[in-house]
Amino acid sequence: MKKIILTGDRPTGRLHLGHFVGSLRRRVELQNSGEFERIYIMIADAQALTDNADNPEKVRQNIIEVALDYLSVGLDPTKSTLFIQSQVPELCELAFYYMNLVTVQRLQRNPTVKAEIQLRGFSESAVEGDTQQKQGIPVGFFTYPISQASDITAFKATTVPTGDDQEPMVEQAREIVHKFNTVYGETLVMPEILLPDNAACQRLPGTDGKAKMSKSLGNCIYLSDTADEVKKKVMGMYTDPDHLRVEDPGKIEGNTVFTYLDAFCTPEHFLRYLPEYASLDELKAHYRRGGLGDVKVKKFLIAILNETLDPIRERRKYYEGRIGEVYEILRRGSETARKAASQTLEEVRAAMKIDYFADAALIESQAKAYALKNAR
Ligand code: TRP
């Protein structure tokens, strides 16, 4: 069977290292593996608007940021279709039909939606007319897992490479596919999630050691940060608070610098920057024993991050000088995506029997029935 990828990001800010190890790096590998017949990478502006309805300018301005980040990590518009969600209106129609296959109760159980309701400060008890402090849950936001099922199924995606926070979304999409195919006949393709392979990559903590790198927490290292900014952020990074003197034994668990090394470091990095150690395990063992200072480990991480980011910065600079071209890439990608989505929509309409004008048999049989009745 031919394999197809669909994945994407909300344009609410520049992309950071969490996005990079959680998904972007993998996408580029998959793109270059030649294993996939088509790869669709979507800027999810319509989804971003589900909880930014009052801030369309933020979404609008960040489309180019995300597009620049995509191109700079090595997504190649000749191999992958880069497009903007709102420019494919077929996705809305699909979502409208899928809404009949999902219950309110099922959506209320979605753990990602639950967490986001908390995070956004939406209140389940708010009623219309409540003031700023008590804002109800927008229907569009509440139902975005259904819209995400449209994104995935419209392109017949077999594979959704993404972070583990998106697991409930892919699960929801799978349930919709199953239900649709059961009710209307085999039509939609069953998608599968493809998660990052190590725990550090699945959920990269912020530089402050907090659970997740997130713009609102101000603990991000951005792909577009300069070498100096990266250096500053790593030097200020959370480590083991009890590791006060170099001689003290240190803890690896919850030590952000080591978590980042788990996500980024390869044996070649040791050869280049820290040849006195053979591997990350050796470095960790020394830190645990005592006698290894934070600064030395941080300097190693800075070298690795900047080596990783340098080619990304270079490509970003190239495209920053060609903004018009980037929009042209997105325009063409959106056209290609629209063609694919409307093909699926046609199949969906046929399966649901809402293709009246294309159904000559329907018109003929009804005409015959009425002719018979009126002949009596
Ligand atoms: N929900 C994803 C995010 O917040 C963005 C997204 C929208 C997506 N549609 C998708 C991801 C379909 C994977 C597949 O980043």
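The values are calculated or read from the model by the stated rules, or taken from the named source; none is laboratory data. Here the structure is a predicted model, which means the values were calculated and not measured. Positions of Cβ are generated from backbone atoms using ideal geometry, with glycine treated the same way; all protein chains shown enter the neighbour counts. Side chains are part of the model used for accessible areas, which takes the heavy atoms of the whole protein and leaves out ligands, DNA and RNA. Shrake-Rupley method; radii C 1.70, N 1.55, O 1.52, S 1.80 Å.
A few remarks follow.
- Spin-label proximity, Asp164 to region 196-232 - amide N less than 11 Å from point 7 Å beyond Cα toward beta carbon: 196-204
- Surface composition of the chain: carbon and sulfur atoms hold 53% of the protein heavy-atom accessible area at a 1.4 Å probe.
- Pairwise FRET efficiency - Phe357 versus Asp208, Cβ, R0 = 45 Å, nearest 0.05: 0.15
- Each Lys and Arg Cβ is given +1 and each Asp and Glu Cβ -1; about its Cα centre, the chain then shows a dipole of about 360 debye.
- A simple rule links phi to the HN-Hα coupling: the Karplus curve 6.51 cos²θ - 1.76 cosθ + 1.60 with θ = phi - 60°, which for region 278-293 gives 8, 7, 5, 4, 5, 5, 4, 4, 5, 4, 5, 5, x, x, 10, x Hz, with x for Gly and Pro.
- Electrostatic bookkeeping for Thr112 treats Lys and Arg as +1 and Asp and Glu as -1; over the other residues with beta carbon under 11 Å from its beta carbon, the sum is -3.
- Linear extension gain, Glu346 paired with Glu175, 0.36 nm per residue minus alpha-carbon span: 59.5 nm
- Note that region 177-184 has calculated 3J(HN,Hα) couplings of 4, 4, 5, 4, 5, 5, 6, 10 Hz, one per residue in order, obtained from phi through the Karplus relation 6.51 cos²θ - 1.76 cosθ + 1.60 (θ = phi - 60°); glycine and proline are x.
- Surrounding net charge for Tyr319, when Lys and Arg each add one and Asp and Glu each subtract one, Cβ distance under 13 Å: -2
- Under 11 Å, Cβ to Cβ, from Thr187 - net charge with Lys/Arg +1 and Asp/Glu -1: -1
- For the chain, the per residue solvent-accessible surface stands at 51 Å², with DNA, RNA and ligands left out and a 1.4 Å probe.
- Each Lys and Arg Cβ is given +1 and each Asp and Glu Cβ -1; about its Cα centre, region 225-317 then shows a dipole of about 300 debye.
- Residue range of the chain that is longest and free of GluC sites (Glu not before Pro) which are both DSSP loop and sparsely packed (at most 12 other C-beta within 10 Å): 277-376
- Comparing Leu82, Val113, Cys220 along the charge dipole axis of the chain, the residue lying farthest to the positive side is Leu82, per the Cβ-charge model.
- Calculated FRET efficiency for the pair Lys58/Thr226, C-beta based, R₀ 25 Å, to 0.05: 0.60
- Projecting the Cα atoms of Ser125, Gly22, Ser279 onto the charge dipole of the chain, computed from C-beta unit charges around the Cα centre, puts Ser125 farthest toward the positive end.
- For Lys299, solvent-accessible area (1.4 Å; no DNA, RNA or ligand), Å²: 130 Å²
- Scalar couplings 3J(HN,Hα) for region 49-61, obtained by applying the Karplus form with A = 6.51, B = -1.76, C = 1.60 to θ = phi - 60°, are 6, 5, 10, 9, 4, 8, 9, x, 5, 4, 5, 4, 6 Hz; x denotes Gly and Pro.
- Segment Arg106-Ser125, extension gain: residue separation times 0.36 nm, minus the distance between their alpha carbons: 5.0 nm
- Once the C-beta distance of Ser279 and Asp76 is scaled by a Förster radius of 41 Å, the resulting FRET efficiency is 0.80 to the nearest 0.05.
- DSSP assigns beta bridges within the chain; of those with both partners inside it, close to 5 percent run antiparallel.
- Cα lying deepest toward the dipole's positive end in region 296-375, options Gly324, Ala337, Ile312, charges on Cβ: Ile312
- Across the chain, Cα-Cα distances exceeding 27 Å account for 56% of all pairs.
- Mean ellipticity per residue at 222 nm, deg cm²/dmol - from DSSP H runs of n ≥ 4 across the chain, formula -39500 (n - 2.57): -16500 deg cm²/dmol
- Taking amide H atoms as placed 1.01 Å from N in the peptide plane, the amide H of His16 lies under 5 Å from those of Leu223, each 5 or more residues away in sequence or on another chain.
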